[in-house]
Each structure stands twice: as C-alpha cells, then as structure tokens.
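The values are calculated or read from the model by the stated rules, or taken from the named source; none is laboratory data. Keep in mind the model is a prediction, meaning the values are calculated, not measured. Cβ placement follows ideal geometry from the backbone for every residue including glycine, while neighbour counts extend to all protein chains displayed.
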Amino acid sequence: MKSRVLFVAIFILVIITACSSQNREKGYIYYRLNSNPTTLDPALIVDVTGGSISAKLFNGLVKIGEDLKIHPDIAKNWVISGDGLTYIFRLKQGVFFSNNREVKANDIKYSFNRLLNPKNKSPNTWVLEKILGADEFMEGKADNVKGIKTIDDYTIKIRLKKPFSPFINLLTTPAAYIVPIEEVERWGPDFSTHPVGTGPFILEEWLPNREIRLLKNYHYFDIHAKIKGIIYRIIPEDLTAVTEFDVGNIDVITIPASEYSRYKNDLQKKNLISSIEGLNTYYLGLNCSRLPFSNRALRKAITYAIDREKILNTIYEKRGRLASGPVPDIIRNWNKPNINEYNPNKSIEIIKKEGLEGIEVKFYITADQEAIDIAEVIQSYINAVGININIKQLEWSAYKESLNNGEPDMFYISWWADYPDPENFLFPLFHSSNFGSAGNRTRYSNTTVDYLIEKGQYTMDAKKRSLFYKQAERIIVSDSPWVFLWHRTDFIIKQPTVRNFKNYLIYSIDKGTEISL
C-alpha cells in the first residue's frame, strides 16, 4: 500500500513538473497574489495588492526612492514657497502615456480634479483635500479646484489652504498617479480593469481570479525593464502557491508561515531567502462605534487578554517585532508609549466589573490560513476571560467591504506604509474624518487626537511635529481601539535564476525595472 501511495505521489509530481515548462512564457517573471485585486484605477485603490501593481503601470509627479526620500518622477523639479503654501512643478518633456500621447500639465489637473470629484466616490480624497478650493469642489459649489492651475504645458501650480507638511509625500501614493482623460472617458467605470498610464509596464490581460499579465513598456521615459513582462498568478491557497514555487511555476513568493521553517532549514534554499523589516503594523481592530467596543474599559480588557509575545514567538515564528503602538519603530523618533501587557486576571476583573461576561462578539477574518490560525488562538485567549468569540471567514473583497461598512465587532488586518512618515499611521487610521474605506475601520473618534494629528500636519517644524504625533499616539494607545500586535518582517524566497531581486520598505518604490532572469 505504501509503495502504491509513493508511486501516485511521484506520478503527480512528474505531471506538475511537466506542466511547469509548458505553463511558463520566456522572459516573464512570475509572482503570486493571494487575492484578486478589486481595481487598478489609482483613484479607487486602497490595498497593497492594487497599489503594488499600479506602481508598475502609472507614475506620479514625484516618487519615493530607496533612500526613502522624495525624487522626481513625471516632474523634473519643483519649488516650495517659504510659507509652505505653494508648490510649482515643472514636468519632464517626452513622458508618454501608453496610448502614445504626451503628458501635459492639464493631465495633472484633470487627474487631481477627478480624484476629488464626488461623482467618482474615491475613498482617497484625503490625499488632496488640503488643496485650496478642494472642499468647495467636493461639495459641488465650484466647477474646478481653485488651488490647481496650469501655468503652461509643462508647469503646474498647486496652492494649499494652509501649510501641510506631508503633502509632498502624499503625491507619491497611487491616488496621485496621473491618468489620461481620453482613456478614462472612453472606458468609464471599466477604466479600473483597463488602466492606461505612463509606467514601465502595460496591462496586457487580466483574467479575474486567475492571473494578471503586464507587458514591458518599450517607450517608458525612465529606466526600462530588463524582463519582457510580469505575470501575477492569483492563488489563494498557500499550499498550492508553495507547490507551484517548488516546481518552478512561480519565481518569487513571500514565504507562508506554514513553510517558513522548511525553507529556513533547507541547506540549498536558505541562501535564496531574503528579509526586510517592514513598515507595517498588524492589529486586532475593535469597532468603537457601537456596543460592545464603544465601551473603552472592555477594549482595555481585550488588550490584557491576549499574549501577543507568545503568538509572535510561536505561531508567527518570530517573524516580526512587537508593536508598542500604531507607528512602526523604524520611523518613530520619540520614546515608545506604555502598552498593556498580557494580564488575563486584569482582563477578567474588568469584564466582571462592567457586567459583560458571556457576551457574543463577531470576529471577521480573511480565509487566509495564517489569519485563520492566528484568529483561532486569539479566540481561545478571549474566550478564556469570559467573552464568546464567533469567527467569520470571508474572501478578501467581501472582507474589505464588510470592514468598510462597519459590520464586524472585531477584525484582524494590517496597515502598510504608503509613505515613510508617522502621519501615515495616524491620520488615515485614527482621524474621525476617515471612517471606513479611508482607513479608520475601527471608527475611532477622539477630538483631542484629531486636533493633535492636525497640528502635526500643519506644522513645518520637524521637532514640533513629532511632539504632536507623540502625544496623539499615547492617547490612542490608552484608548485601545486596537490590540497592537506586531510589525511584520517579510521573508521572501526566489528561484536561483532570478537576479537583482530587492526587498523594498514601501511597495510603490518597486517599479519592476531592476529584476532580471
């Protein structure tokens, strides 16, 4: 019987290996996505998956470099007025959309107006809403945004309502990528699946829930890709993705938790592993807008109930650093706040005092196996202090929609930096103007926190800005809208044939032009 099972296993492996050579196209690099992107329209993108692909299809006025500083992109240079209100960008000449039309200043104006236009229902208006006249335009009181003016074909002037220190950083995000008016009007809502940009790659084909194919843009204005194209294979199951990598059908994958030890201890493969301490924060979100987690004491009880360090060191196999708040340690330039450590007795005491023993809590997660494993451990911790946790699994798109609509009481998710500034982990996630898809999925509201975040945004002095952010973070940690879990370190493994592979702290830095086969 054992020999028969072994024969069948070998037979299946031979078939998979044979398919490997048939499935690959020469010159393309193969990646794995664990979910189908919801959109590739920059104005609508709110996730890392969509953002990382769009970074290869589009460009902004400026971009983040590997040094985490701001570099020219479509703009060749810019000038910021001494009062921090006016930005003048001079565009490069000879930058073309993939439909062979040159980018002009009016395209910048159109793209920014489009993002702010309420008819388009962008969840990313916060990126540009500090521009003078943006509020009036979004309220339908003006036909254009007063603070966006074209000086000539290659010069655009942007004026803000008041100084806003992160503004140049915001222009590096996917929401500020430049799109051509004629293609947006041609496709309408379908532009989200037929994107046209200026990037180093062009969308060749998108087969939903199967694969996304990008083709090298031979007319790209910057460094050309060294590969013919990129194929993203959409594979939700980790086991399937790992099998496909092992037989050579995928070139680069982030190592799933279930396979980390195997690859790490493989003498032939461990040298193909690279890692990077990510600019991210993983958290357990608690819906502050209604009972039971509108009760601040109960939120604190949840923070005491979970042994974060044990989860990180066991199930998570030390693939990260414990979080002390929302702002990652890499970019926090002040002392970390005090955080509630594991103390189940304290948790039980609070729950009894509040009379909340035995309440039911809806805990939403994705169907990803790692999320399931972690959720089950969290469930056991919280059940142990007297609260009943009911886990509900959803596929990624449905999961995001449920969070945006405020359906779960509790959820497990992460936030990854769009730009390397503490503000990116404070304003979108905790300001009361950003409920739902804009980032504040816990619907947390604190007027003092709003005030401190805004003061930091409007302060051009770096030291004063950090002081405001420090105070805001300390209040947030005390209010406990999240259980602050960890900052993940990603471990990536590549095939031996892949050259010049790099890990990037922020997904938008990776334009796909350096990697080769």
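The sole residue among Thr513, Thr459 that is touching a Lys or Arg at 6+ places or on another chain (Cβ under 8 Å), buried (at least 17 other Cβ atoms within 10 Å of the Cβ), over 29 Å from Ile306 (Cα atoms) and at pLDDT below 95 is Thr459. Collect the residues in region 64-86 that are of a type in the set (Val, Ile, Thr), more than 21 Å from the chain's Cα centre (by Cα) and either surrounded by 13 or more Cβ atoms within 10 Å (Cβ to Cβ) or assigned to a loop (DSSP other than H, G, I, E, B) (or both), keeping them in residue-number order. Ile74, Ile80, Thr86, listed by residue number.
Among the candidates Trp206, Trp187, the residue that is part of a helix (DSSP H, G or I), at pLDDT 95 or above and among the aromatic types (Phe, Trp, Tyr) is uniquely Trp187. Of the candidates Phe96, Phe89, the single residue that is in contact (Cβ under 8 Å) with a residue 12 or more places away in the chain, of a type in the set (Phe, Trp, Tyr) and buried (at least 17 other Cβ atoms within 10 Å of the Cβ) is Phe89. Taking region 270-288 as the range and being surrounded by fewer than 17 Cβ atoms within 10 Å (Cβ to Cβ) and in contact (Cβ under 8 Å) with a residue 60 or more places away in the chain as the test, the residues that pass are Leu272, Ile273, Ser274, Ser275, Ile276, Glu277. Only one entry in Asn333, Asn343, Asn313 is within 21 Å of Pro481 (Cα to Cα) and surrounded by fewer than 17 Cβ atoms within 10 Å (Cβ to Cβ), namely Asn343. Going through (1) within 27 Å of the chain's Cα centre (by Cα); (2) of a type in the set (A, V, I, L, M); (3) at pLDDT 95 or above one by one, Val127 falls short only on (3). The residues listed here are Thr459, Thr447, Thr489; of these, the one that is free of Cβ contacts under 8 Å to residues at least 60 places away in the same chain and farther than 23 Å from Gly27 by Cα is Thr447. Set side by side, the residues Asn388, Asn446 differ, and just one is within 23 Å of Ser324 (Cβ to Cβ), surrounded by fewer than 20 Cβ atoms within 10 Å (Cβ to Cβ) and either over 23 Å from the mean Cα position of the chain (by Cα) or not assigned by TED's automatic domain parsing to the domain that holds Thr366 (or both), which is Asn446.
Please enumerate the residues belonging to region 348-380 that are among the hydroxyl-bearing types (Ser, Thr, Tyr) and under 19 Å from Thr442 (Cβ atoms). Of everything in region 348-380, those that are among the hydroxyl-bearing types (Ser, Thr, Tyr) and under 19 Å from Thr442 (Cβ atoms) turn out to be Tyr364, Thr366. The criterion of at least 3 residues that are farther than 24 Å from Thr125 by Cβ is met by the following helices (runs of 4 or more DSSP H) wholly inside region 405-482: 462-479.
Taking region 139-172 as the range and being among the hydroxyl-bearing types (Ser, Thr, Tyr), under 19 Å from Asn59 (Cα atoms) and at pLDDT below 95 as the test, no residue passes.
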